[in-house]
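Below you'll find the structure, written out as C-alpha coordinates, and then a few comments.
The values are calculated or read from the model by the stated rules, or taken from the named source; none is laboratory data. Keep in mind the model is a prediction, meaning the values are calculated, not measured. So basically every Cβ, Gly included, is an ideal-geometry build from the backbone, and we count neighbours across all protein chains shown. Calculation scope for accessible area: heavy atoms of the full protein, side chains included, ligands and nucleic acids excluded. Shrake-Rupley method; radii C 1.70, N 1.55, O 1.52, S 1.80 Å.
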Amino acid sequence: MDSTTLLGLAGIGGTLLGGVVGAAGTLGSARITSRAQTNTEEQKARRQAYSACATALLARRDAAAALLDVFKGDDFDQAAVQARLQEVDEQRDAVARAVGAVAIEGPYDVAHDAEFAAKAIELLSGRIRDWAAEVAGGRDRDGLLQSQLQFALQDQGDMERMLDNFTAGCRKVLRPTERDRPTWRTI
(Lines give C-alpha, C1' and ligand atoms only; values in the text may rest on other atoms or scores of the structure.)
Protein backbone atom coordinates (compact mmCIF):
# COMPACT_ATOMS: atom_id res chain seq x y z
CA MET A 1 0.00 0.00 0.00
CA ASP A 2 1.21 3.37 -0.81
CA SER A 3 1.22 6.31 1.56
CA THR A 4 -1.78 7.99 -0.09
CA THR A 5 -3.94 4.91 0.51
CA LEU A 6 -2.76 4.64 4.10
CA LEU A 7 -3.42 8.31 4.63
CA GLY A 8 -6.91 7.89 3.13
CA LEU A 9 -7.64 4.86 5.35
CA ALA A 10 -6.42 6.75 8.41
CA GLY A 11 -8.69 9.64 7.50
CA ILE A 12 -11.67 7.30 7.10
CA GLY A 13 -10.81 5.59 10.40
CA GLY A 14 -10.50 8.95 12.13
CA THR A 15 -13.83 10.06 10.70
CA LEU A 16 -15.50 6.84 11.89
CA LEU A 17 -13.91 7.15 15.33
CA GLY A 18 -14.97 10.79 15.57
CA GLY A 19 -18.51 9.84 14.59
CA VAL A 20 -18.68 7.11 17.21
CA VAL A 21 -17.30 9.38 19.93
CA GLY A 22 -19.70 12.16 18.89
CA ALA A 23 -22.67 9.78 18.91
CA ALA A 24 -21.68 8.43 22.33
CA GLY A 25 -21.38 11.97 23.66
CA THR A 26 -24.78 12.87 22.25
CA LEU A 27 -26.37 9.76 23.79
CA GLY A 28 -24.69 10.44 27.14
CA SER A 29 -25.88 14.02 27.11
CA ALA A 30 -29.42 12.93 26.23
CA ARG A 31 -29.36 10.39 29.07
CA ILE A 32 -28.21 13.04 31.56
CA THR A 33 -30.87 15.47 30.35
CA SER A 34 -33.55 12.78 30.60
CA ARG A 35 -32.45 11.85 34.12
CA ALA A 36 -32.49 15.50 35.20
CA GLN A 37 -35.99 15.96 33.75
CA THR A 38 -37.21 12.82 35.55
CA ASN A 39 -35.72 14.06 38.83
CA THR A 40 -37.42 17.43 38.38
CA GLU A 41 -40.78 15.76 37.75
CA GLU A 42 -40.33 13.52 40.80
CA GLN A 43 -39.49 16.53 42.97
CA LYS A 44 -42.57 18.35 41.68
CA ALA A 45 -44.82 15.35 42.45
CA ARG A 46 -43.32 15.03 45.93
CA ARG A 47 -43.70 18.74 46.60
CA GLN A 48 -47.39 18.55 45.65
CA ALA A 49 -48.01 15.44 47.77
CA TYR A 50 -46.12 16.84 50.77
CA SER A 51 -47.88 20.18 50.50
CA ALA A 52 -51.34 18.61 50.32
CA CYS A 53 -50.55 16.34 53.25
CA ALA A 54 -49.14 19.13 55.40
CA THR A 55 -52.19 21.28 54.63
CA ALA A 56 -54.61 18.48 55.58
CA LEU A 57 -52.68 17.57 58.73
CA LEU A 58 -52.38 21.18 59.88
CA ALA A 59 -56.08 21.84 59.29
CA ARG A 60 -57.02 18.75 61.32
CA ARG A 61 -54.50 19.67 64.01
CA ASP A 62 -56.03 23.13 64.31
CA ALA A 63 -59.54 21.65 64.48
CA ALA A 64 -58.46 19.19 67.21
CA ALA A 65 -56.77 21.97 69.19
CA ALA A 66 -59.88 24.14 68.87
CA LEU A 67 -61.95 21.18 70.06
CA LEU A 68 -59.76 20.83 73.14
CA ASP A 69 -60.06 24.56 73.80
CA VAL A 70 -63.87 24.40 73.59
CA PHE A 71 -63.93 21.38 75.88
CA LYS A 72 -61.79 22.98 78.57
CA GLY A 73 -63.25 26.47 78.18
CA ASP A 74 -65.14 28.22 80.95
CA ASP A 75 -68.26 28.52 78.79
CA PHE A 76 -68.48 24.80 77.92
CA ASP A 77 -71.24 23.98 75.47
CA GLN A 78 -71.95 20.36 74.56
CA ALA A 79 -73.43 21.42 71.20
CA ALA A 80 -70.26 23.36 70.33
CA VAL A 81 -68.16 20.32 71.23
CA GLN A 82 -70.29 18.10 68.99
CA ALA A 83 -69.97 20.60 66.11
CA ARG A 84 -66.18 20.68 66.50
CA LEU A 85 -66.06 16.89 66.72
CA GLN A 86 -67.96 16.68 63.45
CA GLU A 87 -65.49 19.11 61.86
CA VAL A 88 -62.53 17.00 63.02
CA ASP A 89 -64.19 13.80 61.82
CA GLU A 90 -65.01 15.27 58.41
CA GLN A 91 -61.31 15.97 57.86
CA ARG A 92 -60.28 12.35 58.49
CA ASP A 93 -60.76 11.23 54.87
CA ALA A 94 -58.79 14.17 53.45
CA VAL A 95 -55.92 13.37 55.82
CA ALA A 96 -56.02 9.68 54.87
CA ARG A 97 -55.86 10.50 51.14
CA ALA A 98 -53.01 12.94 51.67
CA VAL A 99 -51.02 10.53 53.84
CA GLY A 100 -51.62 7.83 51.22
CA ALA A 101 -50.13 10.05 48.53
CA VAL A 102 -47.06 10.67 50.68
CA ALA A 103 -46.76 6.92 51.28
CA ILE A 104 -46.57 6.45 47.50
CA GLU A 105 -44.12 9.30 46.89
CA GLY A 106 -41.88 8.36 49.81
CA PRO A 107 -39.27 8.04 51.04
CA TYR A 108 -40.23 5.71 53.87
CA ASP A 109 -39.13 8.04 56.67
CA VAL A 110 -41.36 10.86 55.44
CA ALA A 111 -44.26 8.47 54.88
CA HIS A 112 -43.92 7.13 58.43
CA ASP A 113 -43.74 10.65 59.83
CA ALA A 114 -46.98 11.52 57.99
CA GLU A 115 -48.68 8.41 59.36
CA PHE A 116 -47.49 9.10 62.92
CA ALA A 117 -48.70 12.71 62.70
CA ALA A 118 -52.11 11.56 61.50
CA LYS A 119 -52.29 8.99 64.32
CA ALA A 120 -51.27 11.57 66.93
CA ILE A 121 -54.06 13.89 65.79
CA GLU A 122 -56.51 10.98 65.86
CA LEU A 123 -55.40 10.05 69.37
CA LEU A 124 -56.15 13.54 70.70
CA SER A 125 -59.44 13.69 68.81
CA GLY A 126 -60.45 10.26 70.07
CA ARG A 127 -59.67 11.19 73.66
CA ILE A 128 -61.86 14.27 73.44
CA ARG A 129 -64.57 12.26 71.64
CA ASP A 130 -64.56 9.85 74.60
CA TRP A 131 -64.75 12.75 77.06
CA ALA A 132 -67.70 14.26 75.21
CA ALA A 133 -69.51 10.92 75.39
CA GLU A 134 -68.79 10.64 79.13
CA VAL A 135 -70.06 14.18 79.78
CA ALA A 136 -73.14 13.48 77.67
CA GLY A 137 -73.63 10.37 79.80
CA GLY A 138 -73.66 12.45 82.99
CA ARG A 139 -70.02 12.61 84.11
CA ASP A 140 -68.86 15.90 85.62
CA ARG A 141 -66.75 17.78 83.06
CA ASP A 142 -64.67 19.59 85.67
CA GLY A 143 -63.76 16.34 87.41
CA LEU A 144 -62.95 14.77 84.06
CA LEU A 145 -60.69 17.65 83.13
CA GLN A 146 -58.98 17.60 86.50
CA SER A 147 -58.13 13.90 86.18
CA GLN A 148 -57.53 13.68 82.43
CA LEU A 149 -56.38 17.05 81.06
CA GLN A 150 -52.70 16.24 81.54
CA PHE A 151 -53.09 13.32 79.11
CA ALA A 152 -54.75 15.49 76.46
CA LEU A 153 -52.01 18.08 76.81
CA GLN A 154 -49.42 15.35 76.40
CA ASP A 155 -51.28 14.14 73.29
CA GLN A 156 -51.28 17.70 71.99
CA GLY A 157 -47.51 17.97 72.50
CA ASP A 158 -46.96 14.62 70.78
CA MET A 159 -49.14 15.80 67.90
CA GLU A 160 -47.02 18.94 67.50
CA ARG A 161 -43.76 16.95 67.58
CA MET A 162 -45.03 14.48 64.97
CA LEU A 163 -46.08 17.32 62.69
CA ASP A 164 -42.71 18.99 63.17
CA ASN A 165 -40.96 15.72 62.28
CA PHE A 166 -43.09 15.37 59.16
CA THR A 167 -42.47 18.89 57.91
CA ALA A 168 -38.76 18.66 58.72
CA GLY A 169 -38.56 15.37 56.80
CA CYS A 170 -40.31 16.95 53.82
CA ARG A 171 -37.90 19.87 53.82
CA LYS A 172 -34.93 17.53 54.06
CA VAL A 173 -36.08 15.62 50.98
CA LEU A 174 -37.04 18.71 48.99
CA ARG A 175 -34.07 20.84 50.11
CA PRO A 176 -31.25 18.46 50.99
CA THR A 177 -28.68 21.24 51.25
CA GLU A 178 -30.71 23.26 53.77
CA ARG A 179 -28.91 23.07 57.09
CA ASP A 180 -30.64 25.17 59.70
CA ARG A 181 -33.94 24.27 61.31
CA PRO A 182 -35.59 26.59 63.80
CA THR A 183 -35.42 25.18 67.31
CA TRP A 184 -38.13 27.43 68.73
CA ARG A 185 -41.78 27.66 67.97
CA THR A 186 -44.31 30.35 68.60
CA ILE A 187 -47.91 29.56 69.15
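Element breakdown for the range 100-187 at a 1.4 angstrom probe: carbon and sulfur atoms account for 53% of the accessible area. Find which of GLN146, ALA120, PRO107 sits farthest along the positive direction of the dipole of the range 58-187, computed with +1 on the beta-carbon of Lys and Arg, -1 on that of Asp and Glu, about the Cα centre. Going by the charge dipole, the pick is PRO107.
Pairs of Cα atoms in the range 84-187 fall into 5 Å distance bins, from 0 up to the last occupied one, in shares of 2, 11, 17, 18, 17, 14, 9, 6, 4, 2, 0, 0 percent.
For LYS172 and ALA133, what is the calculated FRET efficiency with R₀ set at 45 Å and r taken between the beta-carbons, to the nearest 0.05?
For LYS172 and ALA133, the calculated efficiency is 0.65.
In order along the range 133-150, the Karplus-derived 3J(HN,Hα) couplings, from 6.51 cos²θ - 1.76 cosθ + 1.60 at θ = phi - 60°, round to 5, 5, 5, 5, x, x, 6, 6, 5, 5, x, 4, 5, 4, 8, 10, 4, 4 Hz, and Gly and Pro are given as x.
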